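Chemist: Below is one structure. I have some questions about it.
The values are calculated or read from the model by the stated rules, or taken from the named source; none is laboratory data. Just so it is clear, the model here is predicted, and its values are computed rather than measured. Note that we place each Cβ from the backbone using ideal geometry, even for glycine, and neighbour counts take in every protein chain shown. In case anyone asks, the SASA skips ligands and DNA or RNA and just uses the protein heavy atoms, side chains included. Shrake-Rupley method; radii C 1.70, N 1.55, O 1.52, S 1.80 Å.
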Amino acid sequence: MAGNDRLRAALESLRRHLDQDLFPLEIGDAAADRRVLGELRGQLDDYLLPRLAAIDAPLLAVVGGSTGAGKSTLVNSLAGTTVTEPGVLRPTTLAPTLVCNPADAAWFTSTMVLPGLARVTGGPSGGGRGEPGTLRIAPVEALPPGMALLDAPDIDSVVTANRELAAQLLAAADLWLFVTTAARYADEVPWSFLRLARERSTALAVILQRVPAEASAPVTADLTRLLRENGLGGTPLFTVPELALPSERARLPADVVQPIATWLADLSVDARARAEIVRRTLTGALDSLGTRVPDLADRVERQRAGIAELRDIAGRAYDVAMSAFDEGMRDGRLLRGEVLARWQDFVGTGDLMRALESRIGWLRDRLAAAFRGRPAPDRELRVALESGVESLIRATADAAAERAVEAWLALPAGRDLLEKSGVTVSGRLGRASADLPRKAGTAVRDWQGHVLDLVRSEGADRRTLARAASFGVNSLGVLIMLAVFSTTGGITGIELGIAGGTGVLSQKLLEAVFGDQAVRTLTQQAREDLRRRVRALLDEERDRFTSLVEGLGPAADTAPRLREAAKAVQERGVL
């Protein structure tokens, strides 16, 4: 009992790791991944944990097989009464029916077994009727205590939910009574389940129905051969001859099903035989976890890798945007157009030289500008530069958003995520956020203020040049800003020749005020500060994408913990 308790604790730990959405996106074969996860959850909930909690509970024999194999007819015949509805319409078994002795009814009406199915008591002849998603319990005296029969939906049903339920019920069984016919015993679908029974060491008996008298020997011999070749040699095999029954609801004659009934009765009264079936099926199910859980862990890692890829795609899109902004700073595009015109105004009116030569001239020019109602040329140049930098930020952000959306749409996982996010969110993601222009304007103005602070700080450290620096902070600041966007990225290479051939002059003026090395340092500091601000803006834009995958899918330690849990089960799995 102590060993079972430890094993049960290990299984409960494993089950907790499965109780999350491990496969939220279409990554790899997500449908198969979810099916594997569902099967593991189901077998833990429906069989392993309940059986370990009550080793001596009655056996559950699930009657499974293909469409029209006669499962319901067989169950009714073994029960000696109509407890489940056979019929010509497919699928016939819409809700599973469990037949047991009244002495065992309390066990099966509890939620220990198949807890996900609501219980309905009674059968068609007794007034009860099961609906899809329910388990109908039909107590009958004819069935011996210690053994229950469960009529499952068709394993090849045209209804997906029925096929999935059939697989779930078979995984919850101590014993399979697998029903097939002389016409369909070699079909692949039944054999896929029979091989699964072999892999999991599930206790099994095969009932071959509707066997013509003349074909009984060769068909039985061929099925025996197939069982042997598929590793199922020695499986109990019962044959039911082809009979002309008066109606679909008719039961098989008692003498025809007597060998099956006797075999089941012997099992029900033989505690040793029942224990052996439980031990065999339980051990096989536990052993299968040693391969199934690590396989699930591999699938979990694939899901995480796919989610990480979406995150990386978004990150790369905005890394490219940052590179595009850097290129925009180097290629001189910002020194053309409106900026060029304002630069020519700035140097053409003599403001630059006068601002650096004389406080009187500086005041006179600004007073004149005020009377004329026209902003000072250095202010106009700053505004033009501000506008150009803002436009560059918006263009790179728009391109990054478009690039990220296109890359996501190229992947099934990305399409799935965008679809789940909704049309509104997906539409907005394809362009920069609505408040980016405001944020970009604030960032550029703050950067310009920072550059002016750098100029003031640098001028204060050179007292011999303090007069010139204090008189021309704005003008010197503009020159440093322009230097940031020069082609070569350094003051020795300011290519402002495009702006009226004054690059050499402005360079000499800056060097005269601050010195060559100081100008290089100021330019580099200004450039890095702008890049930092733009990077922060682009990171915020990127976060619109990465927030969609944040917290999505399994936790980082899920796969390792699954493998550890499977190992713990194997170490404690000796019954």
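Let's see how each residue does on (1) farther than 30 Å from Arg572 by Cα; (2) within 32 Å of the chain's Cα centre (by Cα); (3) basic (Lys, Arg); (4) at pLDDT 90 or above:
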| residue | (1), (2), (3), (4) |
| --- | --- |
| Asp29 | yes, yes, no, yes |
| Gly42 | no, yes, no, yes |
| Asp46 | no, yes, no, yes |
| Ser66 | yes, no, no, no |
| Leu89 | yes, no, no, no |
| Thr93 | yes, no, no, no |
| Val99 | yes, no, no, yes |
| Ala103 | yes, no, no, yes |
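Chemist: When you look at Pro554, is it of a type outside the set (Ser, Thr, Tyr) and open to solvent by 50 Å² or more (accessible area, probe 1.4 Å), yes or no?
Modeler: It is false that Pro554 is of a type outside the set (Ser, Thr, Tyr) and open to solvent by 50 Å² or more (accessible area, probe 1.4 Å).
Chemist: Follow-up. Please go through segment 467-485 and pick out each residue that is small (Gly, Ala, Ser) and either at pLDDT 80 or above or open to solvent by less than 10 Å² (accessible area, probe 1.4 Å) (or both).
Modeler: Once the filter is applied, which keeps residues that are small (Gly, Ala, Ser) and either at pLDDT 80 or above or open to solvent by less than 10 Å² (accessible area, probe 1.4 Å) (or both), segment 467-485 yields Ala469, Gly472, Ser475, Gly477, Ala483.
Chemist: May I ask you to list the residues in segment 167-196 that are of a type in the set (D, E, K, R) and touching a Leu at 6+ places or on another chain (Cβ under 9 Å)?
Modeler: Asp174, Arg195, listed by residue number.
Chemist: Is there a residue in segment 191-210 that is over 26 Å from Leu59 (Cα atoms), of a type outside the set (Asp, Glu) and touching a helix residue (DSSP H, G or I) at 6+ places or on another chain (Cβ under 6 Å)?
Modeler: no
Chemist: Further question on the same structure: Working carefully through the options Arg225, Arg200, Arg184, find the one that is closer than 24 Å to Asp45 by Cβ and either open to solvent by less than 60 Å² (accessible area, probe 1.4 Å) or out of contact with any strand residue (DSSP E or B) (no Cβ under 6 Å at 6 or more places or on another chain) (or both).
Modeler: Checking each option against the conditions leaves just Arg200.
Chemist: Enumerate the pairs (first residue in segment 296-307 and open to solvent by 60 Å² or more (accessible area, probe 1.4 Å); second residue anywhere and of a type in the set (A, V, I, L, M) and outside any helix (DSSP H, G or I)) with beta-carbon separation below 7 Å, excluding pairs fewer than 6 apart on the same chain, so at least 6 apart or on different chains.
Modeler: Note: pairs meeting the criteria are Arg302/Ile27.
Chemist: Hey, another quick one. Against the definition (outside any helix (DSSP H, G or I), crowded, with 18+ Cβ neighbours inside 10 Å, at pLDDT below 95 and in contact with a strand residue (DSSP E or B) (Cβ under 6 Å, 6 or more places away or on another chain)), how does Val113 come out, yes or no?
Modeler: Answer is no for this residue.
Chemist: On to the next question. How do the pairs read when you match residues in segment 384-410 that are surrounded by 18 or more Cβ atoms within 10 Å (Cβ to Cβ) with residues anywhere that are not in a helix (DSSP H, G or I), using Cβ under 7 Å and keeping only pairs 6 or more apart or on different chains?
Modeler: Ala397/Ala432; Ala401/Gly430; Ala401/Arg431; Ala401/Ala432; Val405/Gly430
Chemist: If you don't mind, another one. Across segment 12-29, what is the number of residues that are closer than 21 Å to Arg311 by Cα and open to solvent by less than 20 Å² (accessible area, probe 1.4 Å)?
Modeler: Qualifying residue count for the region: 5.
Chemist: Which of the following residues is without any contact (Cβ under 8 Å) to a residue 40 or more places away in the chain and of a type in the set (Gly, Ala, Ser): Ala69, Ala61, Ala10, Ala31?
Modeler: Ala31
Chemist: Going by the structure shown, is Val75 part of a helix (DSSP H, G or I), in contact (Cβ under 8 Å) with a residue 40 or more places away in the chain, surrounded by fewer than 22 Cβ atoms within 10 Å (Cβ to Cβ) and β-branched (Val, Ile, Thr)?
Modeler: No, not satisfied.
Chemist: Counting only residues that are among the polar types (S, T, N, Q) and surrounded by fewer than 18 Cβ atoms within 10 Å (Cβ to Cβ), which one in segment 133-181 is nearest to the chain's Cα centre (by Cα)?
Modeler: Thr160
Chemist: Something else about it: Within segment 544-557, count every residue that is assigned to a helix (DSSP H, G or I) and over 13 Å from the mean Cα position of the chain (by Cα).
Modeler: The number of residues fulfilling the criteria is 4.
Chemist: If the Cβ limit is 8 Å and pairs must be 6+ apart or interchain, which residue in segment 510-538 that is within 27 Å of Thr442 (Cα to Cα) pairs with which residue that is of a type in the set (S, T, N, Q) and open to solvent by 60 Å² or more (accessible area, probe 1.4 Å)?
Modeler: Arg520/Thr492
Chemist: Then there is this: Taking segment 5-43 on its own, how many of its residues are of a type in the set (Lys, Arg) and within 16 Å of Glu301 (Cβ to Cβ)?
Modeler: 1
Chemist: Can you tell me which residue is farthest from Leu392 (Cα to Cα) among those in segment 415-436 that are small (Gly, Ala, Ser) and at pLDDT 90 or above?
Modeler: In this case the residue turns out to be Gly430.
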